[in-house]
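Structure record follows, encoded as C-alpha cells.
The values are calculated or read from the model by the stated rules, or taken from the named source; none is laboratory data. Note that the structure is a prediction, hence the values are computed from the model and not measured. Reconstructed Cβ throughout: ideal geometry from the backbone, glycine too, with neighbour counts over all protein chains shown. The accessibility values were calculated without ligands, DNA or RNA, using every heavy atom of the protein model including side chains. Shrake-Rupley method; radii C 1.70, N 1.55, O 1.52, S 1.80 Å.
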Amino acid sequence: MAGTLTFLLISSLLQGALCGTFNVTMPQNINVLRGSCVTIPCSFDVERNHKNNLDDSCKAYWSDSTSFKSENAKLKPTKEMTGDLTKKDCTTTFNNASLLQSTKYYFRLECNNALIYTFTQAGVDISFIDAPPSLTLTPSTLEVEKGASVSLTCSAPAPCWSHPPALTWSPNLGQSQETLQENQDKTKVRTSVMSFTASHLHHGNKISCTAVYQKQDGSLDVTAETSLTPDISSGTWGITMPQNINVVSGTCVIIPCFFDVEKSFKNMLDHTCRAYWINGAANLLATKVMRGDLTKKDCTTTFNNASLLKSTKYYFRLECDNALKFTFTQAGVDISFIDPPSPTLTPSTLEVEEGASVSLTCSAPAPCWSHPPALTWSPNLGQSQETLQENQDKTKVRTSVMNFTASHLHHGNKISCTAVYQKQDGSPDVTAETSLTPDISYSPKNITVSIRPSGPVPENSNVSLTCSSNANPAVRNYTWYRADGDQETFIGTGTSLNIKVSRDRRTFFCKAENEIGVGRSSRIQIDVQYSPKNITVSVSPSGPVPENSNVSLTCSSNANPAVRNYTWYRADGDQETFIGTGTSLNIKVSRDRRTFFCKAENEIGVGRSSSIQIDVQYSPKNITVSVSPSGPVPENSNVSLTCSSNANPAVRNYTWYRVDGDQETFIGTGTSLNINVFRDRRSFFCKAENEIGVGRSSSIQIDVQYSPKNITVSVSPSGPVPENSNVSLTCSTNANPAVRNYTWYRADGDQETLIGTGTSLNIQVFRNRRTFFCQAENKLGVERSNVTQLEIHFLPQILFSSDCVKTASQVNCSCDTEGNPSPAVQWYLNGEPVNQSGGFEIFSETLNITVHRSSFILSQPHVKHFSTLLCRSFNSLGSASQQFCMSKFKSSAEPQGSVLYPAIVSTLVVLLLVLMCVLLFVIRTQTNHCKPKVGLIDENNTVAMIQPPTEEGNEAPNTTEESIYANVERLREAGVVDPKVVAEPSSTNLPSAEPVGARGSKNSENKGDKCEAIYSSVNWKAKSKKKKEETSVDLNSPGSYYLEEEKCIVEGINRNFVSNALEMGGLYDEVGGKNVKKEVECEYAQVKFKDKTKKKKK
C-alpha cells in the first residue's frame, strides 16, 4: 500500500489555523487499474462567510488545469458520483475510469450563489497501471511451533470502493473474515484475516493470498498474489513422510520428507548437514541436487534412478559436522515396485439425464513429480485441464478434469482415461487405463411415421400409420394428430393408427412420450388422388388492364395426379371458341370486354372453370400543367398550378412535386395548387393516379424575377497595391432579368462619388486608402455591394504635426510619420544614430493604422552638447527625414545664441529670397538649356526620385533634362490631378503654400517655446560636364552629401517662414566646399512666405 498510494496531508496541527479558509484534502496520487473504476477521497473547507452558501445547488467539477470553469471542465460528475457537498465531502467515484487521463486533477466547487471556487491548494495525480497492485501479507514470514494460534492478514488496495477486490486463501486453513478498511489518507484497502492452529502438516507448504480485481469495461478480471512458506517446529525429534510409495520399475521416484529437531539442536542446522537413507544393509547418500534444503527441515529426496532402491523400508538419517547426528526411526517409508497403477475415475459410474453438465476426473499416482504421467481421454468430449495435486501425505497425483454436456449420443459408449508413464532407464513407456459406460436418460428421439400401403392412394380409401422412436427409458405413450395449416387436431393413440383419407391431402404426425420428456415426428403427407377440382382462372395483371396490352391468363386447379392438359376458350355470347392450350395463355386484349374459361384434365377426369371477364382500362394520359398567371412572375408572389389529364377510370389523386436538380420533393395534392415562388427558378410537375396506374407531366419552369442579389466586388490584383498603380474592379451579381447597368462609386466618409459604369472598372489608386462599391440595376430594382477598401503601399512621409516642446527640465520632440507598410523611425544627434540611454528617452505609439509617432526626450543639461536632431522614417519602399532646430532650446547661459540667432535667421531669409529670385530669372532665360522634369516629394518635403539611383555610384539614368520636384499632395490640392502634366515650375502650376493649421501641419496658435517653422530638406543635384550624367544624392541617410536646412523663426522676430521649399544649394558655405561643384548648372525651387501676423489680424 505504501508504494501504491501516497498522500499529501494537511497536518492536524494546522487545521485550527486553516479553519474558516478555502482548503482541500485529497491523496497526492492514486494508481488506477486500467478498465476498472476509481474513487477519489476528497474533503474541503470554505471561508466562514461562504458557509451558508453550501446548499443543494452546489456542483463538483474536476479538470487538469488550475484555471478552469464549469464550461470547460474535463469531468462533470453527477450528484450520484459525489459525496454530500453540503457537508464538505467532495469524494468522487468514476465508474468509467476511461474518462480520466494520466495527469493531475483539481477540484472546483460551483453553487448558484456567490460560492464559486477552484481549490488549487492540492491536486491528485492519476496514474493508470496495467497490472494490479501488489498485496501485503502480515506477518510476511511465519515461524511458530506446532499448536500455536496463527492469524494471517492479507491486504489489497481498493481504488474503487464500490468494487473492491475479492480475496481468497490457498489452502483455506481456517475461518477468514474480510473487511474494507480506511487508511489515514482516506483511501481504502480490502483485508482478509485467516486464523488457524499451526500443524506439522503446514510446515514447508506455501500459503498464498489471491486478489481478484473486477473490471468495469467488460474485459477479463485480473489477479495479484502473494505468499509465504511457514516454518512449523515441534521442539522435539520428529519426521513426516509417506508410509509407503509404489514405484514403477524404470522410473524416478520422489520421497516427500520433513523433519524437526530438538530446540537445542536447531542452530546446528547448517550447510554441512547431509542426508542418508538407510535400510539396515546399505546407506544411500542424497546429494544436494537430490534433496531439499536441510536448513529448512526439508528432507524431500529425488531418486532419478529408482534401481538404487530396493523393495524395503527406508529410514532417514541426518549428519552435520557438529553434534547434530540423528537417525529418525519414528517413521520410515516402504518402497514397492509395481506395474503402472490404474487411474481412478471420479465418479466411477455415470447415470445422468441428457443436457446435464458432467465433470469426469481422472487421477493417476505420480511417484516422480518431475515426470508425472500424461493423461488422455477417449473420446475427447470437451475441454480438459491437467493439474498436479498434493495428497495429505505430501505425495502427488496427476489429475485431468474433462467437462462436457451429456447427450443421448453418449449413451452406452465407453469413456476411457489412459495414463502414460515415461521411464528414465530407456525402456518403453507403459500405460494404464480405466473406463466407464455412461447411462444417459433422454426423451424420445428420431421419431418417424410410416404409411401402409405406401405411395399414392385413391380418394376415400383406408391407410395404416405407424410411429417409431428411440428413447431411454422406452416410450410409454404414442399420440396422433392431423395438421390443418396452423391447427393441430388430436385423432388417436397407439403405435399404429388406421384412418380413411379424404380427397384433400392431409398432413399427420405423432408424439412419443417417456419419463424424461416428449418428442414429435415431422409432418407427413398422404398422396390422395382425384380428378381436377376448384378450377380457377387468374389474370395478370389482375383487375382492369390497359387497352391493347398483353395479359396472362393462368388456369389453376386442385388435382392428383397433376393435370396433364389445359385448354382455353373464349365465350362470345353462346358461342365458345377454342383459343389455345397450356397452363398459361398470353393474349392481347382489346378495348371491348372479353370472356374466357379453361378446362383441366388428368388420368382421373376433366373439370372446367367458370367464365372470367377482363375490364380494359388505361392509366392517365396527356397530363399537363398550366400556370396562372402565365409568363414571368415577381419574386415571392403566389401562382396557381393546375394539373389536367385523360384517364379511365377517373383520376382519384393528384400529387405535386418540386424538382431541385436530381431531387424530387413532394409539395402537395389536389387538382390545383397555390404556391409562393422563391427567388430562384423552380421546376414543378404533377402526377395523376387512378386504379390502373400513375402518369406524370413534363416539368414546367416558372420564371421568377427579382432584383440583383449577392452583389460582390473583386479586385485584380488582389492584396496591397503600390501607390498610383492601376487596379481592375469587377462587379458580380445574381439577377433575373439580367443586370442592365453597373455603376461604380467611391465612398469618402459620408460622401459617395460616381466614378464609372460597366461590369469592370480600371482605376488608378492614390496614397490614401480608397473605398469603393458598385450598384447593379435591372428592371426590378437596384442593389448595391458592400464597401470594398483597397490597401495602398506608399513611401514614408513625416507629417507637419511633428514638433518640439521645451519644458524646464527637458526638450520633447515628436516625429509623426505615415507610410504603408508601417515605417520604422531612427533618431540622429549631430549626424550619429542614437538609441535609448540615460541622457534621453525614445518611445513610440500608433496614432492610426498608418500614422505612428516616435517621441524623443532630451534632458535640458544635454541640449547644449548637440546642434542637430534628425528623425528618419523608413519602410520597404523608401525613407523620409526631418531635422529639428536645437539651438533654440539651448540654455540662456549662452547669450550669443539667443541674441544672434534671430538676426542670423532674418538675414538668411532675406538672402534666400534674393537667391530664389535670381534663380527664377535664370530659369526663365535658360529654358532651352535646362528643362524641368517633374518628380515627387513626400509630405515632409523629402525628394523621391521618379527614377531611383542605381546601386553603383548613385548614378541616375542619362537625361538631358534637369529634374524639378514638387509636393504631389500639394499639386492635387492645387487642382493638378496628375503630376506628370506639369511642364515647368512656373508660378501658375506650382502649388501654393498650405495654410498653417491645415492637415499635416502644425497649428499656428501654438504658444510657448515651440519652434514655429517649416522644415525642408534641400537636395543638391549636380550635372557632370564630363560624363553628361545626372547624379542624385541619397536623401535618406544622415551625414550624406546633401544639405538639410532648418528654418526656425522665433516668435516676435519674424513670422514669415518657408513652406514647401524645394531643395536648393548655396545656403551654407561649408556644404558647397564639400559637395557642390561648379558643374551645377541650374536648380529650381519655389519659396512662398506667409505672414502669420496678418493672419492673426484677420
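Tabulated values for the structure
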{"quantity": "Residues located in the range 75-115, provided they are surrounded by 15 or more Cβ atoms within 10 Å (Cβ to Cβ) and among the small types (Gly, Ala, Ser)", "calculated": "GLY83, ALA97"}
{"quantity": "Test for THR448: is it in contact (Cβ under 8 Å) with a residue 40 or more places away in the chain, over 30 Å from ASN560 (Cβ atoms) and not small (Gly, Ala, Ser)", "calculated": "no"}
{"quantity": "Residue count for the range 590-631, restricted to those that are open to solvent by 80 Å² or more (accessible area, probe 1.4 Å) and within 60 Å of the chain's Cα centre (by Cα)", "calculated": "3"}
{"quantity": "Members of the range 159-193 found to be open to solvent by less than 30 Å² (accessible area, probe 1.4 Å), in contact (Cβ under 8 Å) with a residue 40 or more places away in the chain and part of a loop (DSSP other than H, G, I, E, B), listed by number", "calculated": "PRO159, CYS160, PRO165, ASP185, THR187"}
{"quantity": "Any hit, the range 513-527, residues being outside any loop (DSSP other than H, G, I, E, B), among the acidic types (Asp, Glu) and either surrounded by fewer than 19 Cβ atoms within 10 Å (Cβ to Cβ) or touching a residue at least 60 places away in the same chain (Cβ under 8 Å) (or both)", "calculated": "yes"}
{"quantity": "Boolean, SER801 is over 45 Å from the mean Cα position of the chain (by Cα) and under 22 Å from ALA880 (Cα atoms)", "calculated": "yes"}
{"quantity": "Strands (runs of 3 or more DSSP E) enclosed by the range 294-376 - at least 3 residues per element that are touching a strand residue (DSSP E or B) at 6+ places or on another chain (Cβ under 8 Å), open to solvent by 10 Å² or more (accessible area, probe 1.4 Å) and of a type in the set (Ser, Thr, Tyr)", "calculated": "325-338, 357-365"}
{"quantity": "Members of the range 204-251 found to be within 49 Å of the chain's Cα centre (by Cα), under 30 Å from ASN267 (Cα atoms) and open to solvent by 40 Å² or more (accessible area, probe 1.4 Å), listed by number", "calculated": "SER227"}
{"quantity": "Condition met for ASN72 (surrounded by fewer than 16 Cβ atoms within 10 Å (Cβ to Cβ), on the phi < 0 side of the Ramachandran plot, over 27 Å from the mean Cα position of the chain (by Cα) and free of Cβ contacts under 8 Å to residues at least 40 places away in the same chain)", "calculated": "no"}
{"quantity": "Any hit, the range 383-397, residues being among the acidic types (Asp, Glu), outside any strand (DSSP E or B) and within 30 Å of SER441 (Cα to Cα)", "calculated": "no"}
{"quantity": "Only one of THR344, THR361, THR349, THR327 that is within 60 Å of the chain's Cα centre (by Cα) and hydroxyl-bearing (Ser, Thr, Tyr)", "calculated": "THR361"}
{"quantity": "Candidate set: the range 735-756, residues that are closer than 30 Å to GLY631 by Cβ and either among the β-branched types (Val, Ile, Thr) or open to solvent by less than 70 Å² (accessible area, probe 1.4 Å) (or both); chosen: the one nearest to the chain's Cα centre (by Cα)", "calculated": "ALA735"}
{"quantity": "Of the criteria (1) among the aliphatic types (A, V, I, L, M); (2) surrounded by fewer than 18 Cβ atoms within 10 Å (Cβ to Cβ); (3) under 28 Å from SER140 (Cβ atoms); (4) in contact with a strand residue (DSSP E or B) (Cβ under 7 Å, 6 or more places away or on another chain), which one LEU201 fails", "calculated": "(4)"}
{"quantity": "Top-ranked residue in the range 807-845 [being of a type in the set (A, V, I, L, M) and free of Cβ contacts under 8 Å to residues at least 60 places away in the same chain; ranked as most open to solvent (accessible area, probe 1.4 Å)]", "calculated": "ALA808"}
{"quantity": "Scan of the range 75-104 for residues that are assigned to a strand (DSSP E or B) and either without any contact (Cβ under 8 Å) to a residue 60 or more places away in the chain or within 19 Å of the chain's Cα centre (by Cα) (or both), ordered by number", "calculated": "LEU75, THR82, ASP89, THR92, PHE94, LYS104"}
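Condition check ((1) touching a residue at least 12 places away in the same chain (Cβ under 8 Å); (2) within 46 Å of the chain's Cα centre (by Cα)) across all residues:
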position	(1), (2)
PRO634	yes, no
ALA647	yes, no
GLN663	no, yes
GLY670	yes, no
PHE678	yes, yes
PHE685	yes, yes
